[in-house]
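Here is the structure we will look at, set down as structure tokens.
The values are calculated or read from the model by the stated rules, or taken from the named source; none is laboratory data. Remember, predicted model here, so these are calculated numbers, not experimental data. Cβ coordinates were reconstructed from backbone atoms using ideal geometry, including for glycine residues, and neighbour counts include every protein chain displayed.
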Amino acid sequence: MTPAIEIDHLVKRYGDFTAVHDVSLRVESGEFFGFLGPNGAGKTTTINAIVSLSHADSGRIRVFGHDNREEWRQARRLIGLAPQEYNFDRYLSIRDVLIFQAGYFGLKGPAVRARADMLLERFGLASKANQEYTRLSGGMKRRLTLARALIHEPRLVILDEPTAGVDVELRLELWALLRELNRDGLTIFLTTHYLEEAEELCKTIAIIRDGRIVTQQPTTELIARGASLQEVFLELTRA
């Protein structure tokens with residue numbers, strides 16, 4: 001089966017600063033893939049290169065076999081992006097946010113409106129369909145971000161730290177939604193700096209630090225390896 005994402009020797013520089021150093025990754029179709037690293041490690045830079053928001057200085061990226069530079073329309077059509085920051089048009093209702101987003105992919109008409117209504121219902125937003133996003137709670141805004149990423153029926157969704165700064169209840173709610181989407185066959189590429197989140201959700205984890213891939217392993221192997229490296233120190237004192 002064609003991989004969802006293939007990254008070969010990606011390099012991205014900003015002036016004299018190299019944000020991503022020779023990164024290579026492979027994400028299988030239907031996989032729940034975790035991309036971990038601290039702030040500033042290169043996660044968002046890698047995402048921007050995948051979705052063609054920035055051009056790599058060298059390297060090659062394919063999305064379901066489509067080169068994202070030579071076949072960028074085909075590649076971009078297959079990706080839904082849920083960024084960390086909210087960037088909705090505040091003058092649109094949340095239903096129109098979804099419909100407007102579909103227009104970027106050449107989609108319009110009754111089918112798009114029906115899909116928007118279906119997504120709002122699925123994510124518990126139907127009662128807010130005609131409200132502006134500024135009137136939504138933080139949890140609802142996160143769900144709207146995900147719904148917008150799905151409006152054009154992509155095969156791959158990229159989530160950039162979707163639970164950063166949210167409370168435990170909302171985090172668990174988002175985890176349940178993501179598991180359901182993955183069970184339905186959606187490939188999910190999740191960036192996070194929470195190891196427990198990746199451990200809970202992801203089949204495979206890659207860790208990036210200072211723009212370089214430190215490791216890429218099945219989650220169970222990575223966690224087992226980490227457990228085996230733990231040390232216990234005992235300090236004994238006389239009674």
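Remarks
- Candidate set: region 1-24, residues that are in contact with an Asp or Glu (Cβ under 8 Å, 6 or more places away or on another chain) and assigned to a strand (DSSP E or B); chosen: the one farthest from Ile213 (Cα to Cα): Arg13
- Every residue from region 112-140 that is more than 19 Å from Ile79 (Cβ to Cβ), of a type in the set (Lys, Arg) and surrounded by 18 or more Cβ atoms within 10 Å (Cβ to Cβ): Lys128
- Screening the candidates Leu146, Leu181 for the property of being part of a helix (DSSP H, G or I) and either outside the structural domain of Ile5 (by TED's automatic domain parsing) or at pLDDT below 90 (or both) yields one hit, Leu146.
Residue-by-condition table, conditions (1) surrounded by fewer than 21 Cβ atoms within 10 Å (Cβ to Cβ); (2) of a type in the set (Phe, Trp, Tyr):
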| site | (1), (2) |
| --- | --- |
| Glu153 | yes, no |
| Gly185 | yes, no |
| Phe189 | no, yes |
| Thr192 | no, no |
| Lys203 | yes, no |
| Arg212 | yes, no |
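- With respect to the stated conditions, Thr220 fails to be in the same structural domain as Ser24 (by TED's automatic domain parsing), without any contact (Cβ under 8 Å) to a residue 60 or more places away in the chain, crowded, with 20+ Cβ neighbours inside 10 Å and under 20 Å from Phe32 (Cα atoms).
- Breaking point among (1) part of a loop (DSSP other than H, G, I, E, B); (2) out of contact with any Asp or Glu (no Cβ under 9 Å at 6 or more places or on another chain); (3) free of Cβ contacts under 8 Å to residues at least 24 places away in the same chain, for Arg113: (1)
- Those helices (runs of 4 or more DSSP H) lying entirely in region 25-104 with at least 1 residues within 15 Å of the chain's Cα centre (by Cα), under 21 Å from Ala198 (Cβ atoms) and free of Cβ contacts under 8 Å to residues at least 60 places away in the same chain: 43-50
- Any hit, region 189-200, residues being part of a loop (DSSP other than H, G, I, E, B), at pLDDT below 90, touching a Pro at 6+ places or on another chain (Cβ under 7 Å) and under 20 Å from Thr45 (Cβ atoms): yes
- Selected residue (criterion: modelled with the lowest pLDDT) from residues of region 217-239 that are closer than 24 Å to Leu174 by Cβ and of a type in the set (S, T, N, Q): Thr220
- Some residue of region 213-222 being under 14 Å from the mean Cα position of the chain (by Cα) and either of a type in the set (S, T, N, Q) or at positive phi (or both): no
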